[in-house]
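Please read the structure below before turning to the comments.
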Amino acid sequence: MPSKVERWKDETYGMEIREHLLRFAEEGWDAIPEDEHDAWFERFKWWGLYHQRKGQESYFMMRIGTPMGRMTPEQLRTVGEVARDYATGPVENPEFGDAYADFTTRQSIQLHWIKVEDIPDIWDELESVGLSTIQACGDSWRNIVGSPVAGRDADELVDVWPIVQELHEKFKGNDLYANLPRKWKVAMTGDRRGSGQGDINDLAFEPAIKEIDGEEVEGFNVNVGGGLSRKEPRFARDIDVFCRPENAADVAAGMSSLFRDYGDRDDRFNARIKFLIDEWGPEKMRSVLQEEYMDYELPTAGQGLRDEYDYNAGRTDAHGDYIGVHDQSDGQNFVGLSVLVGRMSADDVIELADRAEAYGSEMIGLTQRQNLIVGDIADEDLDDFLDEDLLAEHSPDPHPFMRGSIACTGTEYCSLSIVETKNRMVRYGRWLRDNVDLPEGVNDFHIHLSGCTASCAQPQIADISLRGMKTRKDGDAVEAFDVGLGGGLGENPTFADWVKMRVPADEVPGYIANLLEAFEAERESPEQSFRDFVAERDEDELADLAESEETSYEDPYLGNTKLTWYPYAEDTDMDASPAPTDPNDQPLPSDD
Amino acid sequence: MADRVLKVNAFTTFDLLDARIEGHGFEEEAFATLNVRTARKNPEEVSLDLELDNTQLDSVPAHADRVSLSAAEARTLAAELQQAAERVDEAEDA
């Protein structure tokens, strides 16, 4: 018996949802029947729209999928203009103002406070420059992730951009793959950095070299079944398949068809392909793919480049991100800019697009570390570009605490989160920068802050993993974090060890300060990475390394922000919410 | 330490409760999460999941406990909880 979500999907799903959305936009919020809200909100996800949380009725988050986070300056400017004109709500955010765009860990863009009435105009603007919200959410091919600088990166084996464009064209809006048992996340990596983070995706193409008929062929090894959610995170497993670049679409079609046909549609908790490969093992996965879905003989895996990977790898000899100035293969440069917690004001987005275009850039990239890259800066222009005012805020050389911070959406908008995230991470970053000396040799330090166990900030693959919880302090329930240590990708991907539970949010900066002090005092040498330091210690030793404590850090969101209608409103009480509202943020008349 | 067994998000019934385990020769206190759950597909039973924070416990390994209740049993439990809650309220009012 299919699940409730499967029944809704049978009734209306995929492309046709667009017509319904246009109708609701014309008729207004009230036209969505109240007793059908759950069904419609589930369907809207297919077109990139999530209804915001309790207290924010009638407002949507809109997700724009940009394959590999890659855009033109013109597209970026359009995102900024849409954010400026439509992503404003009844209350400003105290850190970010009244209009901003969020760059996500899957290289997409999220805008908040979107009204259903505005959706046709927004789609017109986005689609006029080739952007789309299609399949940005829902049970289908999600945004394909990978290196945004593919084809420009001097440090790559295969230029995957043409392949990713082919996959995007083939699988988005394709009825054959529109209704999968669950989300389907694909990563394609052609560089030597491992920047696709394929290990945590359902289907990963990893760069590899294979000798076939005496010829050395550059292509990909195929891994299947990675994912972070719930208590069972998995790294994608090697199914012993090598794939030539020209066969990538066939292999991707085969794997997603296999998932469509064999994935568990009865139990959404068991639906991701990581559970199917748990059940089958890699050998059966390979043989079913070969026998039922492929019309050519799949070669066995080639020689991968994993030992070179440094992206989010926690190494001391290389930065684990794209921040800073890097060589392009054409002699120009790409410049990675730090965007703290991935959020940039609409005005800055527009300004950055203008500056990029003025320097002749044809490529903007969003990274999985929530940062932004401007490509195609000529050597002779580099100094001027680096002197641009905007780069004081979004720096190519940020402090490591600012550089390494990632945060999910949190209770500001998300229905799942139990703690405030982005503004808190900003405050943590600033306090740590101003109060904590990093041990010598530590240039990167990754802190990933997630609001619940859904893992949207990828908490398990950071030096310090923070995951939202509650605790009691001085008799009151306060927001808190479970703390994990020592996760990361690279040659030997590792999930964090969870070492503390329910650390009060206002004591986390003190904990991190004490932890780093212990690291500096106890590490073998300044060359030892934090990850290696953690890996050497057992659970009890890790738990005893440092204690949390109050410091000069002040946390304005310590109370239960989940129970507010908006954590930064003057009156945060749920009853003070103006929602649902009309397109001008004015309360709609109640039926009562 | 092991990761949490139960997922915890805004739909979790309780993310912060005081709990206690007691056995022969041991007794410990810990924070706990408690969740009422039904399957998304035609649910046939109600499950009541309880997990104590394993960092606070030495006597037992990290785990969660689950009780399965029929709809009738869930109603019986709800009714008893309701009655018990009223007794507590009355005592407080007295």
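The values are calculated or read from the model by the stated rules, or taken from the named source; none is laboratory data. Here the structure is a predicted model, which is why all the values come from computation and not from measurement. Counting neighbours? That spans all protein chains shown, and the Cβs are built from the backbone with ideal geometry, glycine included.
Brief remarks on what is shown
- Output for segment B:46-59, where each listed residue is at pLDDT 95 or above and more than 12 Å from B:Arg4 (Cα to Cα): B:Val46, B:Ser47, B:Leu48, B:Asp49
- Candidate set from segment B:24-49 (those that are over 25 Å from A:Asp482 (Cβ atoms) and surrounded by 16 or more Cβ atoms within 10 Å (Cβ to Cβ)); member that is farthest from the chain's Cα centre (by Cα): B:Lys41
- All positions within segment A:82-92 that are crowded, with 23+ Cβ neighbours inside 10 Å and either without any contact (Cβ under 8 Å) to a residue 12 or more places away in the chain or in contact with a His (Cβ under 8 Å, 6 or more places away or on another chain) (or both): A:Ala87
- Which numbered condition B:Ala74 misses (of (1) within 14 Å of another protein chain (Cβ to nearest Cβ); (2) surrounded by 15 or more Cβ atoms within 10 Å (Cβ to Cβ); (3) at pLDDT 95 or above): (1)
- With respect to being closer than 30 Å to A:Gly227 by Cβ and surrounded by 24 or more Cβ atoms within 10 Å (Cβ to Cβ), A:Leu131 falls outside the description.
- Selection within segment A:492-511 - away from every other protein chain (no Cβ under 13 Å) and farther than 13 Å from A:Leu542 by Cα: A:Asn492, A:Pro493, A:Thr494, A:Ala505, A:Asp506, A:Glu507, A:Val508, A:Pro509, A:Gly510
- Of all residues in segment A:445-486, exactly one satisfies the criterion of being within 9 Å of chain B (Cβ to nearest Cβ), more than 22 Å from A:Thr564 (Cα to Cα) and not in a strand (DSSP E or B), namely A:Gln460.
- Of the residues making up segment A:199-216, those that are loosely packed, with under 12 Cβ neighbours inside 10 Å and in a loop (DSSP other than H, G, I, E, B) number 2.
- Among the residues of segment A:258-301, those identified as small (Gly, Ala, Ser) and either within 14 Å of chain B (Cβ to nearest Cβ) or surrounded by fewer than 17 Cβ atoms within 10 Å (Cβ to Cβ) (or both) are A:Ala271, A:Gly281, A:Ser287.
- Test result for A:Phe385, within 24 Å of the chain's Cα centre (by Cα), of a type in the set (Phe, Trp, Tyr) and under 28 Å from A:Gly196 (Cβ atoms): no
- Flag for A:Gly429 being among the small types (Gly, Ala, Ser), in contact (Cβ under 8 Å) with a residue 12 or more places away in the chain and at negative phi: yes
- Test: residue in segment A:117-127 that is outside any helix (DSSP H, G or I) and either surrounded by fewer than 24 Cβ atoms within 10 Å (Cβ to Cβ) or more than 17 Å from the chain's Cα centre (by Cα) (or both): no
- Search result, residues across segment B:2-16 that are among the polar types (S, T, N, Q) and facing chain A (nearest Cβ under 7 Å): B:Asn9
Yes/no per residue for (1) crowded, with 19+ Cβ neighbours inside 10 Å; (2) within 13 Å of A:Val116 (Cα to Cα); (3) within 14 Å of another protein chain (Cβ to nearest Cβ); (4) at pLDDT 95 or above:
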residue	(1), (2), (3), (4)
A:Pro2	no, no, yes, no
A:Lys9	yes, no, yes, no
A:Met15	no, no, no, no
A:Gln52	yes, yes, yes, yes
A:Gly55	yes, no, yes, yes
A:Arg77	yes, no, no, yes
A:Gly80	yes, no, no, yes
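- Residues that are closer than 30 Å to A:Tyr413 by Cα, surrounded by 13 or more Cβ atoms within 10 Å (Cβ to Cβ) and more than 12 Å from chain A (Cβ to nearest Cβ) occur in segment B:50-65; there is at least one.
- Which numbered condition A:Pro181 misses (of (1) surrounded by 24 or more Cβ atoms within 10 Å (Cβ to Cβ); (2) modelled with pLDDT of 95 or more): (2)
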